Amino acid sequence: MLRRDYFAHGDFSARMSRFHVRGHLFGENLAYSSRVASGRVTVAEWLASPEHRAILLYPRLRRIGVATPVGAYSGWPAATMITADFAG
């Protein structure tokens with residue numbers, strides 16, 4: 001997302017396939033911050049959102065991959081993108 005200057009889920013299914021992630025159930029939470037983001041703050045914000053909370057707490061989503069790249073985004077020189085991909 002940083003390289004292409006966008007913030008969206010995109011083709012999530014294709015991305016999971018490209019990384020050989022297998023499963024019957026998938027979910028994804030995204031966030032970004034204009035500064036270095038705190039994991040604690042990001043998770044608290046996700047828990048406050050019904051849609052994000054449902055993904056975090058869904059018991060069948062047992063595997064997770066997390067990425068936190070930092071780079072230029074939307075005019076911010078050091079934005080943090082947070083991606084949490086879940087599979088079950």
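The values are calculated or read from the model by the stated rules, or taken from the named source; none is laboratory data. The shown structure was predicted, so the numbers you read here are calculated from the model rather than taken from an experiment. Virtual Cβ from ideal backbone geometry, glycine too; neighbours counted across all protein chains shown.
General remarks:
- For segment 74-86, filtering for residues that are within 20 Å of D11 (Cα to Cα) and surrounded by 18 or more Cβ atoms within 10 Å (Cβ to Cβ) leaves 5.
- Qualifying residue in segment 37-51 (condition: farther than 22 Å from S13 by Cβ, of a type in the set (S, T, N, Q) and at pLDDT below 95): yes
- Verdict on M1 being surrounded by 13 or more Cβ atoms within 10 Å (Cβ to Cβ), part of a loop (DSSP other than H, G, I, E, B) and among the hydrophobic types (A, V, I, L, M, F, W, C): yes
- Neighbours by Cβ (under 7 Å, 6+ apart or cross-chain): first from segment 1-26, under 17 Å from R60 (Cβ atoms); second of a type in the set (K, R) and modelled with pLDDT of 85 or more: L25/R60
- Within segment 28-52, residues that are on the phi < 0 side of the Ramachandran plot and touching a residue at least 40 places away in the same chain (Cβ under 8 Å) sit with their Cβ atoms under 6 Å from residues that are aliphatic (A, V, I, L, M) and in a helix (DSSP H, G or I), at 6+ positions apart or across chains, in these pairs: N29/I55.
- Where Y58 falls short, out of the listed (1) surrounded by 13 or more Cβ atoms within 10 Å (Cβ to Cβ); (2) within 18 Å of M1 (Cβ to Cβ): (2)
- Within segment 11-49, if we keep just the residues that are among the small types (G, A, S), surrounded by 17 or more Cβ atoms within 10 Å (Cβ to Cβ) and under 24 Å from G75 (Cβ atoms), the residue that is nearest to the chain's Cα centre (by Cα) turns out to be A31.
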